[in-house]
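**Q** Here you go, one structure.
Nothing in this text is a laboratory measurement; each read-out follows from the coordinates by a stated rule. Please read all numbers here as calculations on a predicted model, not as lab measurements. Because the Cβ atoms are built from the backbone with ideal geometry, glycine has one as well, and the counts that use them run over all protein chains shown.
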Amino acid sequence: MPNVAPRADFVAALAWIAFGLAIVGGALAMDRLERFGAKVYMAPGLVPGILGGLIALLGALLLVRSARQGAMATLSQPWLPSAEGRRTLARTSLAIALTLVYTLMLVGRGLPFWLVTVAFVFVFLLLFYLPECRARGQAARGVATAAIVAVATTAVVTLMFERVFLVRMP
């Protein structure tokens with residue numbers, strides 16, 4: 001595993017803390033279904049709230065570790081990521097953008113959940129998995145794998161939520 005600079009861990013820790021707290025805030029804002037006699041442990045936001053709290057806690061631990069490793073002393077210095085760091089940042093930004101388009105603009109906007117999810121997973125895999133397959137001379141196999149994984153993922157997610165969790169998908 002490559003050695004990560006304490007400053008990078010410090011910045012990432014702040015992002016994880018903010019993300020975890022946003023999840024906790026969203027979970028607390030969810031309807032607790034008290035008017036239906038639901039108990040606290042049955043509230044729809046319970047599991048997301050716990051996971052968000054854990055994400056924030058782990059972010060805080062990362063923040064403490066990075067501070068102990070000297071991250072605070074390097075914060076005033078200019079930060080110029082390497083070429084590999086810039087590629088990683090670009091890929092991460094693309095993944096976040098795709099996920100935001102899927103969750104905020106596609107799901108629940110009229111198209112069936114299964115169709116939007118198949119398209120999202122397929123496009124995601126084409127962008128992130130197909131280049132590796134193309135480099136090995138297996139582009140057709142990569143496209144086929146992406147299609148199979150997209151359909152299988154959508155089927156499993158839909159069945160799990162609708163049959164196991166009893167949550168109707170949009």
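**Q** Helices from the chain with mean Kyte-Doolittle at least 0.5 and a Cα length along the axis of 20 Å or more, per DSSP H: which?
**A** In the chain, the long hydrophobic H runs are 6-29, 46-68, 113-128, 139-159.
**Q** Still on this model: Order by neighbour count: PHE10, PHE161, fewest other Cβ atoms within 10 Å first, most last.
**A** PHE161, PHE10
**Q** With the cut-off at 27 Å, report for the stretch 1-143 the share of all Cα pairs above it, as a whole percent.
**A** Tail of the P(r) past 27 Å holds 47 percent of the pairs.
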